[in-house]
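The values are calculated or read from the model by the stated rules, or taken from the named source; none is laboratory data. Remember, it's a predicted structure, so these values are computed and weren't measured experimentally. Glycine also receives a Cβ, built like all others from the backbone with ideal geometry; neighbour counts cover every protein chain displayed. Each accessible area value is taken on the protein alone, full model and side chains, heavy atoms only, with ligands, DNA and RNA left out. Shrake-Rupley method; radii C 1.70, N 1.55, O 1.52, S 1.80 Å.
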Amino acid sequence: MKNIKNSWNKLLQSVKKNLKKIKDEHLIKQYMKNNIIFLTFVITCVINSTMLRLFCINSTENYLAVAPILADLAIVIIVGAFGYLLKPKNRFAYYLGFSIFFTAICLINSIYYTYYTSFASVSMLSLAQYVGDVGDAVIEQVISFKDFLYPIGPIILIVINYRLKKKNYYKRVEMKSERKKKTIKTLAVGAAIAVIFLLTLTPTDISRLVKQWNREYIVMKYGIYVYQANDVVASIQPKINSLFGYDQAKKDFKEYFKNVEEHQDNEYTNIFEGKNVIVIHGESLQENLMTLSFNGQEVTPNLNKLAEEGMFFSNFYSPVSVGTSSDAELMFNTSLLPTKSGTAFVSYSDRTYNATPKLLGEKGYYTFSMHGNNADFWNRRNMHNSLGYDRFYSKEDYNVTKENTVGLGINDYAFFDQSVQKIKKISEKNDKWYGTLIMLSNHTPFAEVDKYGDFPVDIKETVTKEDGTTEEVTYPYMEGTKLGNYFKSAHYADGAIGELINRLDEEGLLDNTVVVIYGDHDAKLPRSEYNLLYNYDKETDSLLDKDDPNYKEYDSYQYELGRKVPFIIWTKDMKGTKLNKEYTNVMSMSDVEPTLGNMFGYSNKYALGHDIFDIKDKNIVVFPNGNWLTNDIYYNSQKEEYLSLTDKAVSEEEIKKNSEYASKLLDVSNEIIVFDLLKEDQTNENRVIENQEKGN
Ligand code: GP9
Ligand code: MN
């Protein structure tokens, strides 16, 4: 104890002594005087990046954020440290070069943000060719006063350098060892700031950096310089992945499709040929919502009604990976599975896809997608083009106000309302169309409860007292829980779906249209929340005791199986027809394209999923982690254990066969995307058509 006290006192004394030395010898002043160019470089670069953030992202969180300033500071100091390796007279060129470079990053992002409400990516350099066409418009509408502020940084540097030169500032000689020492000391300061910054990061921050899809969030947390460096890495990674293994991939691909059984026509073949399509991408809509009511009110009355009147696939899974929403779109449209690393939407948007919009486009459909969020979220701006959509309507095309915003952006009601007006115009100009409407309001964290309207998720009971009078008793139940808030949010989103259907009908847009609805993935809420839902004890307002005979634990298998999402195909006149029923065979999002293809008369010969009416009860849902599900078994490949869902005996052989199939499917899907294997096929096909046209 005494020792600790002594060392502590010694440390304090030494700090005091050093501070006194700094004060007496005017060391700070001296340091500033000797490092004017370096300090100007650091300060102007950090001011530029901070200015960019403040101009672009208007949130209190951003205004108060210290973390991105630390990150910018660390990067700029570390880059600046290497300038000390040069002789004093040569340093200015180094700092000016980097100052221009950093300023360019801020300027480009500032202009890009004004135009696209998102930050720029080097992977979009290939789109630079289009700038020529819109150049004048960019200058008139996009470059604004604030953009002229960034170049002030390098200009200040030039002016200061000019003055210093006049005063013979660069005459002093620095030995090599002194220069090295300065570099190391400055690097140490940069590294220390970097460490402080790293301590502020949460696991979510790190995972978002890796995924690089929510660019605004990354800039807000890491600053623009880290964002841009990370963007370069994320853009190069897919190129590196595709450098090795092409031959093997091609071989696997050929082998796989050689063994795929040919599709057989069935009673659903071509039943919807020529009809218009509206696809509703239901953000975080889980199937179990449809089974729940609170105080006699269903959570999703509109979805339930559509399911009752249409074709309802009640065992439908969306095996998304880190790409969540975008993985759901990928599987839905291309019948492929998520990639093993990165996401198809962000890392492989330049690949060839045999996607539904493209295939229907070839059949004369006008295809479009609509989403109220930034077009660059999940890189949709590029990827929707690769999927073959003729037009992508994004935030830029909607009237988004503070009043109509919920969560990530425009609320589903306003989004659908404005979308219907656009669809009306589209339908006037095109006789066949296919449109995807991507919802947004029901997005995690489901926190804006006051905006969702009144939907109590408590238990209200009327109790008769001893004297014969009655009393209303309320038990909080799911009120105030994350899952409860999710129910409120989903109820709100479901209301928007109901209104959309009414609006479309009013405009006569349902008369020759098939509506397809899917939940993109589950709510991603912890299992403990479901335990409360199924084991609520009114008396104690908490979980039932585990020993209670009524306690039924929501185990990890139930949780996994409970993550299924709704899939509904509906037309306004389907009710009561033979199509109108519940379809219970297990089905995956990657089975949608072949299933719809069979009904609408198009086909992707490299689909990895199946027409559910062809494969029927033999289907296997494959998850990105190698788990799989059939009508009879859910298999957990990590734990190498399974849950039997029926009385049928499970054989080792079946487990082995299905596990091999799952792993093959994930490999082939990944290889198709990474090595762009459909491109070659497309090129060959085009060649055949050209030759046929030439009469060869
Ligand atoms: C973003 C929205 C949400 O525009 O589609 O994506 P998610 O976080 O669900 O993947
Ligand atoms: Mn989503």
Notebook entry, point to check: Accessible area per residue of the chain at 1.4 Å probe, in Å²?
Noted result: 50 Å²
Item checked: In Hz, Karplus ³J(HN,Hα) per residue of the stretch 335-340 (6.51, -1.76, 1.60; θ = phi - 60°; x = Gly, Pro) -> 6, 10, 10, x, 6, 6
Item checked: Sequence-distant lysines (8 or more away, or on other chains) whose Cα lies within less than 20 Å of Lys402 -> Lys451
Margin query: Can you tell me what percent of all Cα-Cα pairs in the stretch 471-626 are more than 21 Å apart?
Written below: 63 percent
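Probe radius 1.4 Å, ligands and nucleic acids ignored: give me the carbon and sulfur share of the accessible area of the stretch 21-243 as a rounded percent. Walk me through the intermediate numbers first.
On the way: 8760 of 12540 Å².
C and S atoms contribute 70 percent here.
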Check: Can you list the residues, at least 5 places off or on another chain, whose amide H is less than 5 Å from the amide H of Ile459, using H built in the peptide plane?
Finding: Tyr475, Tyr477
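For every helix of n ≥ 4 consecutive DSSP H residues, a contribution of -39,500 (n - 2.57) applies; sum these over the chain, divide by its total residues, and give [θ] at 222 nm rounded to the nearest 500 deg cm²/dmol.
Values: 25 runs with 344 residues, N = 696.
Counting only the DSSP helices, I get -16000 deg cm²/dmol.
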Item checked: Point-to-point label distance, Glu403-Glu653, nm (Cα→Cβ direction, 7 Å offset) -> 6.9 nm
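Gain in length, Leu543 to Phe101, computed as 0.36 nm per residue apart minus the alpha-carbon separation, to one decimal in nm?
Between Leu543 and Phe101, full extension yields 153.3 nm more.
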Next item on the list: Quick one: which residues, 5+ away or cross-chain, put their amide H under 5 Å from the amide H of Tyr583? H built at 1.01 Å from N.
Entry: Phe312, Phe313, Ser314
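Arranged from highest to lowest average of other beta-carbon atoms within 10 Å per residue, in what order do the peptides 144-155, 83-94, 611-622 appear?
Values: 144-155: 15.7, 83-94: 17.2, 611-622: 19.4.
By packing density, highest mean first, the sequence is 611-622, 83-94, 144-155.
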Notebook entry, point to check: What is the antiparallel percent of DSSP beta bridges lying wholly in the chain, to the nearest 5?
Noted result: 50 percent
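Relative contact order for the stretch 21-243: what percent, with Cα pairs under 8 Å and sequence separation of 6 or more?
Working: 203 pairs, mean separation 81.1, N = 223.
With pairs under 8 Å counted, the relative contact order is 36 percent.
Can you work out D for the stretch 256-695 in µm² s⁻¹ from Stokes-Einstein, where Rh is the Kirkwood radius over C-alpha pairs, the temperature is 10 °C and the viscosity is 1.306 mPa s? List each step's numbers first, then the result.
Numbers: Rh = 23.1 Å.
The calculation lands on 69 µm²/s.
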Margin query: Report D for the stretch 172-284 in µm² per second (integer): Stokes-Einstein, Kirkwood Rh on Cα pairs, 25 °C, 0.890 mPa s.
Written below: 118 µm²/s
Next item on the list: State, as an integer percentage, the relative contact order of the chain based on alpha-carbon contacts under 8 Å between residues 6 or more apart.
Entry: 17 percent
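Could you estimate the translational diffusion coefficient of the stretch 21-243 from the Stokes-Einstein equation, with Rh from the Kirkwood formula over C-alpha pairs, at 20 °C and 1.002 mPa s, in whole µm²/s?
112 µm²/s
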Check: With no solvent and one point on each alpha carbon, what is the Debye value of log10 I(q)/I(0) for the stretch 455-556 at q = 0.18, 0.19 Å⁻¹?
Finding: -0.96, -1.01
Note to self: Principal axis extents for the stretch 235-331, Cα atoms only, whole Å, descending order, please.
What the structure shows: 60, 38, 24
Checklist line | Interchain or long-range residues, amide H under 5 Å from Val279's placed H | finding: Gly435, Thr436, Leu437, Val516
Checklist line | ³J(HN,Hα), Karplus 6.51/-1.76/1.60, whole Hz, each residue of the stretch 144-151, x for Gly, Pro | finding: 10, 3, 4, 5, 7, 6, 4, x
Margin query: Please list 3J(HN,Hα) in residue order for the stretch 565-579, calculated via the Karplus relation 6.51 cos²θ - 1.76 cosθ + 1.60 where θ = phi - 60°; whole Hz, with x for glycine and proline.
Written below: 10, x, 9, 9, 10, 9, 10, 5, 10, 7, 3, x, 7, 6, 6
